[in-house]
Structures are given as structure tokens and as C-alpha cells.
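Trainee: So that we are looking at the same thing, I have put the structure below in C-alpha cells.
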Amino acid sequence: WSPELSSYLYRIDGWGAPYFTVNSSGDISVRPHGTDTLPHQEIDLLKVVKKASDPINSGGLGLQLPLVVRFPDVLKNRLESLQSAFDYAVQSEGYEAHYQGVYPVKCNQDRFVVEDIVKFGSGFRFGLEAGSKPELLLAMSSLCKGSSEGLLVCNGFKDAEYISLALVARKLQLNTVIVLEQEEELDLVIDISRKMAVQPVIGLRAKLRTKHSGHFGSTSGEKGKFGLTTTQILRVVRKLKESGMLDCLQLLHFHIGSQIPSTELLADGVGEAAQVYSELVRLGAGMKFIDIGGGLGIDYDGTKSSDSDVSVGYGLQDYASTVVQAVRFVCDRKNVKHPVICSESGRAIVSHHSVLIFEAVSSTTTRSQELSSMSLHSFVEKLNDDARGDYRNLSAAAIRGEYDTCMLYADQLKQRCVDQFKDGNLDMEQLAAVDAVCDFVSKAIGAS
């Protein structure tokens with residue numbers, strides 16, 4: 001066995017890159033600066049756990065498992081990588097506005113996480129998104145120490161108290177945007193902003209027709225739970241115009257769904273949203289920002305597959321380039337000034353930065369049944385013709401050294417025996433025997 005085989009078995013270089021790898025000792029190693037991590041900067045996770053859990057009298061911290069180990073430098077690297085990807089896309093596409101990200105507080109409300117993101121992101125106008133009154137208070141407190149240009153995006157259900165709090169944030173010189181998710185929220189915004197004598201900045205969430213059909217796409221599409229339909233958007237625009245506040249409408253927000261699997265789906269949704277944005281400009285709104293919501297996926301299993309709910313078929317640069325291209329194409333065609341692009345990437349920022357360590361409380365081992373030539377002969381005799389044919393093909397493939405074919409026939413043999421057992425034509429000893437045959441084949445091929 002070797003560290004390389006461990007890395008291959010657990011696919012660490014797939015889901016963990018560029019932050020996790022297996023070091024020469026066979027331990028998990030954390031690379032806090034991603035690909036820029038120098039050899040002496042790598043952190044052996046096992047040493048960290050031992051230091052944390054060893055008794056105090058032995059020089060440890062005496063902490064009990066489970067525990068969470070955080071790596072703030074990974075957060076910093078994720079923010080920088082996201083910004084760098086969009087900066088490159090903006091420059092290479094000749095896009096005439098910039099990108100500034102927004103972190104959705106709901107993804108991880110831990111104080112240290114939020115404060116680190118504000119600190120690390122202040123150099124490139126990174127902001128926060130809140131979806132409730134407690135999150136809004138948390139975001140206000142944190143953003144006071146961040147960039148004055150960083151957006152404070154107010155999403156979620158809004159009552160009078162929420163809207164009043166958001167307008168207080170605006171009075172405190174925070175770059176606050178109240179995003180309408182329901183049409184009736186507009187009346188409250190107009191009424192309370194007049195009473196408080198605060199000029200609001202308003203956004204609206206559009207309910208796009210583009211739908212993400214995967215596990216995380218339930219809130220997308222025209223029948224999704226959140227956002228305004230085309231008819232409702234037009235009514236909002238009309239009411240703002242009648243109130244002399246159409247210039248307050250400055251941001252369009254949408255959300256295709258979390259963990260977007262492919263750039264094709266992303267381009268489709270962003271293109272549709274850019275059309276809505278351009279129409280709002282045509283109707284006289286003071287548009288400045290397009291907020292593409294969340295959706296930047298994480299490759300949890302390392303397969304780089306666009307057909308999986310736990311993987312994605314693209315990288316950071318592909319994502320950024322797809323967004324910038326889609327917005328630029330529509331705006332140029334409609335002769336509309338390029339908007340500032342925002343995104344609310346939560347899991348893509350925080351997922352790699354912390355590790356949960358817990359004790360394994362038990363383990364199981366699989367002991368295969370030993371097969372003698374006599375019991376093997378007895379097993380084969382009880383098989384039906386199709387299963388016996390699979391066994392003969394398996395034997396022939398083994399003699400020829402065709403290992404992939406061996407696995408194919410072993411799988412077919414096992415399935416036919418399971419079917420025979422379900423029909424009552426095979427006993428439990430025979431079913432155990434086929435498991436033993438298949439285990440033997442797997443081990444023999446693995447050893448070879």
C-alpha cells in the first residue's frame with residue numbers, strides 16, 4: 001500500500017483539490033493557499049488532531065472529539081480565486097463594468113466566518129446578503145468594518161420591522177439594497193421610506209422561466225416559490241413610476257438554483273435575466289446591478305460530472321466566463337450599459353475551509369465464504385442455464401486475462417442468482433456462494 005493508492009482510493013485529488021491531498025506519511029494534508037501553497041506551509045491534519053485531543057499534561061489541548069478545524073486562509077484563497085476568475089473574464093471579454101461578490105450569511109452564520117469574509121473581501125468590495133432580521137443585524141454589524149462599496153443585499157420575507165431596519169442600515173451609510181420578493185412588499189417600502197425620510201435602493205427578484213431540474217432546483221422556474229412574475233414586475237415598475245421613485249430600482253436579482261450542474265444551464269438562465277434587466281432599463285429604471293444569485297457548485301465526489309447532484313462539470317473560470325459572456329452579449333445587442341455583476345456564492349466560498357473530525361465508534365469487516373472445488377461444483381449445478389453461461393464466460397475471460405470482461409460476467413452472474421433466489425429457486429447457501437465467487441474475482445483482479 002502507498003500514499004498514492006490512498007489518494008486514488010478516496011479520490012482526494014478530485015474533490016479536495018487544490019486544498020487537500022495525501023502527504024508522504026499517508027496523512028491528509030491541508031494546503032491553505034491552494035496551488036500557491038509552499039511545501040513548508042502544508043498542514044498535516046493528523047498532527048493538528050493529536051495536538052488538539054492529547055491531554056494537557058502531555059502538551060495537548062485536551063479537547064474532546066468531535067471538533068471542527070477551521071482554515072481561514074482557505075476562505076481568503078476562495079474569495080481571491082473567485083474575484084480573480086471574474087476579473088480575468090471581465091478583461092478578456094472587454095466587459096465595461098466590474099464584479100463584486102456577496103456572501104449569503106445563511107450559508108454559515110458563524111461570527112468568525114462572516115468577519116473573516118468581510119475582512120478578506122474588503123479590498124474588492126465584497127458584501128453580505130441577509131435573509132432575515134437576525135441575519136440583517138449580523139450583516140450590519142460586520143459590514144461596518146468592510147468596504148463602503150460592498151453591497152448589503154436584503155432578501156427574504158419582509159415585514160415593516162425588517163424594512164425599517166434595512167433603511168436604518170442605509171442611514172448608517174451601508175450600501176443597502178432591499179430586494180422585493182413579493183409584490184406587496186413595495187407598498188411597505190414606499191410608505192416606511194417616506195416616513196423615515198430615507199431614499200431606498202430597491203431591487204427585485206425575477207422568477208425566471210429557466211429551471212434547474214436537479215435536487216437543488218426546487219426554488220427555480222416560473223412555478224418556484226420566490227420572486228416576481230413578468231406581470232408583477234411590470235406592476236412594480238408602474239407603481240414606482242407613479243410614486244416618482246423609478247430611479248430607486250437599481251438591482252435585478254434571480255436564482256436558478258443551488259449547485260448548478262453545467263455552464264449550459266447557467267448561460268441560459270443568465271441570458272434570460274439579462275433580457276429582463278435590459279427591459280427594465282428601457283422602462284426607465286435606474287438599473288446598475290445584476291445579481292445572479294447562488295449556484296456556483298462544488299465537486300463533492302471529484303467526478304467532474306454535470307449529470308450528478310453532487311458534482312459539477314466546470315471550474316471557477318468557466319463559471320465566471322459564462323456569466324460575463326451571457327450578460328455582455330444581451331446588453332450589447334440591446335445597446336444597454338453593462339451592469340455591475342454580483343453573485344451570492346455561499347457553498348463555493350466556505351465548503352473547503354472547515355473539517356469536522358469525529359471518532360469512529362465501530363468498524364465492520366467482510367469475511368468471504370471459502371469455496372472448495374466440491375462446493376463450487378455443487379453451486380454451478382444449481383444454476384439455471386443463463387447463470388451457468390455467465391459462469392462459463394467468466395472462467396474463459398479469467399483464463400484469457402480479460403479483467404474488465406471478468407467483472408462484467410461476475411456482475412451478471414450475481415444478478416441472475418439474486419433473481420433465482422427471489423423466485424425461490426436458489427437457497428441461502430448458494431446465494432452466499434455467488435457472493436464468495438464475485439469477491440474472489442474482485443480481489444484477484446485488484447491484486448493483479
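Trainee: Within segment 266-290, which residues are open to solvent by less than 30 Å² (accessible area, probe 1.4 Å) and more than 18 Å from Thr230 (Cβ to Cβ)?
Mentor: The answer is Leu266, Gly286, Phe289.
Trainee: Sticking with this structure for a sec: So, of the residues in segment 85-106 that are open to solvent by 10 Å² or more (accessible area, probe 1.4 Å) and closer than 11 Å to Gln325 by Cβ, which turns out to be farthest from the chain's Cα centre (by Cα)?
Mentor: Gly94
Trainee: Output the residues belonging to segment 1-30 that are open to solvent by 60 Å² or more (accessible area, probe 1.4 Å) and not acidic (Asp, Glu).
Mentor: Trp1, Leu5, Tyr8, Leu9, Tyr10, Arg11, Trp15, Ser24, Ser25
Trainee: For segment 5-30, which positions are of a type in the set (Asp, Glu) and either farther than 27 Å from Gly297 by Cα or part of a loop (DSSP other than H, G, I, E, B) (or both)?
Mentor: Listed by number, the list holds a single entry, Asp27.
Trainee: Within segment 277-291, is even one residue farther than 21 Å from Phe86 by Cβ, hydrophobic (A, V, I, L, M, F, W, C) and either under 12 Å from the mean Cα position of the chain (by Cα) or in a helix (DSSP H, G or I) (or both)?
Mentor: So far as segment 277-291 goes, yes, one or more of its residues are farther than 21 Å from Phe86 by Cβ, hydrophobic (A, V, I, L, M, F, W, C) and either under 12 Å from the mean Cα position of the chain (by Cα) or in a helix (DSSP H, G or I) (or both).
Trainee: Can you name every residue in segment 311-333 that is free of Cβ contacts under 8 Å to residues at least 24 places away in the same chain and over 14 Å from Ala17 (Cα atoms)?
Mentor: Asp332, Arg333
Trainee: Can you name every residue in segment 60-84 that is surrounded by 17 or more Cβ atoms within 10 Å (Cβ to Cβ) and either within 13 Å of Lys50 (Cα to Cα) or among the aromatic types (Phe, Trp, Tyr) (or both)?
Mentor: Let us first name the residues in segment 60-84 that are surrounded by 17 or more Cβ atoms within 10 Å (Cβ to Cβ), namely 71-83.
Within segment 60-84, Phe71 is the sole residue that qualifies.
Trainee: Conditions: (1) under 20 Å from Tyr19 (Cβ atoms); (2) surrounded by fewer than 16 Cβ atoms within 10 Å (Cβ to Cβ); (3) touching a helix residue (DSSP H, G or I) at 6+ places or on another chain (Cβ under 6 Å). Gly302 meets all but one. Number of the miss?
Mentor: (2)
Trainee: Scanning for something more than 14 Å from Ala387 (Cα to Cα), open to solvent by 60 Å² or more (accessible area, probe 1.4 Å) and part of a helix (DSSP H, G or I), does segment 413-424 turn up at least one residue?
Mentor: yes
Trainee: Out of Leu136, Leu151, I need the residue that is in contact (Cβ under 8 Å) with a residue 60 or more places away in the chain, closer than 18 Å to Leu180 by Cβ and not charged (D, E, K, R). Which one?
Mentor: The match here is Leu151.
Trainee: Checking Asp54 against (1) assigned by the TED database to the domain that holds Ser148; (2) within 21 Å of Ser29 (Cα to Cα); (3) surrounded by fewer than 20 Cβ atoms within 10 Å (Cβ to Cβ); (4) charged (D, E, K, R), only one condition comes out false. Which one?
Mentor: All conditions are met except number (1).
Trainee: Every residue in segment 31-70 that is outside any helix (DSSP H, G or I), touching a strand residue (DSSP E or B) at 6+ places or on another chain (Cβ under 8 Å) and in contact (Cβ under 8 Å) with a residue 24 or more places away in the chain, please. So that I can check it myself, show each step before the final result.
Mentor: The first filter runs over segment 31-70 and keeps only residues outside any helix (DSSP H, G or I), leaving 31-33, 37-38, 42-44, 54-55, 59-70.
Subset that is touching a strand residue (DSSP E or B) at 6+ places or on another chain (Cβ under 8 Å): 31-32, 42-44, 65-70.
Once the filter is applied, which keeps residues that are outside any helix (DSSP H, G or I), touching a strand residue (DSSP E or B) at 6+ places or on another chain (Cβ under 8 Å) and in contact (Cβ under 8 Å) with a residue 24 or more places away in the chain, segment 31-70 yields Pro32, Ile43, Leu65, Pro66, Leu67, Val68, Val69, Arg70.
The values are calculated or read from the model by the stated rules, or taken from the named source; none is laboratory data. Computed from a predicted model, the values in this text were never measured in an experiment. We place every Cβ from the backbone using ideal geometry, glycine too, and count neighbours over all the protein chains shown. We work out accessible area using only protein heavy atoms, side chains counted, and drop any ligands, DNA or RNA first. Shrake-Rupley method; radii C 1.70, N 1.55, O 1.52, S 1.80 Å.
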